[in-house]
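Notes to accompany the following structure.
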Amino acid sequence: MKNLKYITVLLLTFTLWSCQEDQFADNYPNPSKIANTTIERQYTGMQVAGIDYIVPAYWNYFVVLRITLNPWTQSIGWINTPNQYLPGSAASDAVWGNYYNILAQYREFQKVWNVATPQQQADRKIFQLTADAYLYYETQRMVDLFGSIPFFNAGMLSTNGGDYNVSFAEYDQSQEIYAHMLDE
């Protein structure tokens with residue numbers, strides 16, 4: 001009976017002084033509903049979009065690389081079969097989707113960067129330099145794999161105010177893309 005009394009008092013104490021959900025609402029907003037962004041947030045968004053290429057992932061290795069790049073680089077062994085060098089569409093679609101997700105995040109990063117003050121840009125120059133380097137690394141990989149790709153005007157849906165008709169990007173020649181990256 002004595003233990004029951006202590007347990008009741010303890011439960012009552014926790015109930016009266018426990019935190020309520022509305023106390024956390026201001027400190028931990030829903031990230032999908034944040035209206036304001038920063039250079040740091042957009043940079044992180046770009047890195048998260050390409051996380052499969054930064055941190056080794058099962059999906060990237062076993063679904064994408066195993067049936068696309070690995071046979072050509074001879075990093076795995078396989079049995080000769082007809083059409084052995086034709087990758088499955090799941091792998092190719094994943095590569096395209098992942099790249100254009102990274103590119104769209106980069107375009108958002110550029111939007112935020114371009115409206116930042118010169119002092120903010122100077123203080124955060126490392127973000128711009130590494131974002132460019134990462135995008136160019138992913139872009140050269142895409143150009144090496146597929147040749148001509150949409151690049152210069154791709155990923156601009158948000159920049160174009162959500163207008164799909166204006167945002168369709170044409171394919172850019174691989175030589176132009178490489179020349180641009182080398183010039184930068």
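The values are calculated or read from the model by the stated rules, or taken from the named source; none is laboratory data. The shown structure was predicted, so the numbers you read here are calculated from the model rather than taken from an experiment. As a convention, Cβ positions derive from the backbone with ideal geometry for all residues, glycine included, and neighbour counts pool all protein chains shown.
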(request) Please tell me if Gly155 is outside any helix (DSSP H, G or I) and over 25 Å from Ile54 (Cβ atoms). (result) no
(message) I'm told Pro56 meets every condition in (1) over 19 Å from the mean Cα position of the chain (by Cα); (2) modelled with pLDDT of 80 or more; (3) exposed (fewer than 10 other Cβ atoms within 10 Å of the Cβ) except one. Can you identify the failing condition by its number?
(response) (1)
(message) Looking at (1) over 21 Å from Met156 (Cα atoms); (2) modelled with pLDDT under 75; (3) not in a helix (DSSP H, G or I), which one does Ala35 not meet, given that it meets all the others?
(response) (1)
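Let me confirm something: among Gln128, Gln175, Gln105, which residue is over 22 Å from the mean Cα position of the chain (by Cα) and either without any contact (Cβ under 8 Å) to a residue 24 or more places away in the chain or assigned to a helix (DSSP H, G or I) (or both)? Step through it out loud before you land on a result.
On the way: Gln128 fails: over 22 Å from the mean Cα position of the chain (by Cα); Gln105 fails: over 22 Å from the mean Cα position of the chain (by Cα).
That would be Gln175, the only listed residue that is over 22 Å from the mean Cα position of the chain (by Cα) and either without any contact (Cβ under 8 Å) to a residue 24 or more places away in the chain or assigned to a helix (DSSP H, G or I) (or both).
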(request) Read through the list (1) surrounded by 15 or more Cβ atoms within 10 Å (Cβ to Cβ); (2) modelled with pLDDT of 95 or more; (3) charged (D, E, K, R), then give the number of the only condition that Glu138 fails. (result) (2)
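Here are Val112, Val48: which of them is surrounded by 13 or more Cβ atoms within 10 Å (Cβ to Cβ), closer than 24 Å to Asn160 by Cα and out of contact with any strand residue (DSSP E or B) (no Cβ under 7 Å at 6 or more places or on another chain)?
Details: Val48 fails: surrounded by 13 or more Cβ atoms within 10 Å (Cβ to Cβ).
Result: Val112 is the single residue among Val112, Val48 that is surrounded by 13 or more Cβ atoms within 10 Å (Cβ to Cβ), closer than 24 Å to Asn160 by Cα and out of contact with any strand residue (DSSP E or B) (no Cβ under 7 Å at 6 or more places or on another chain).
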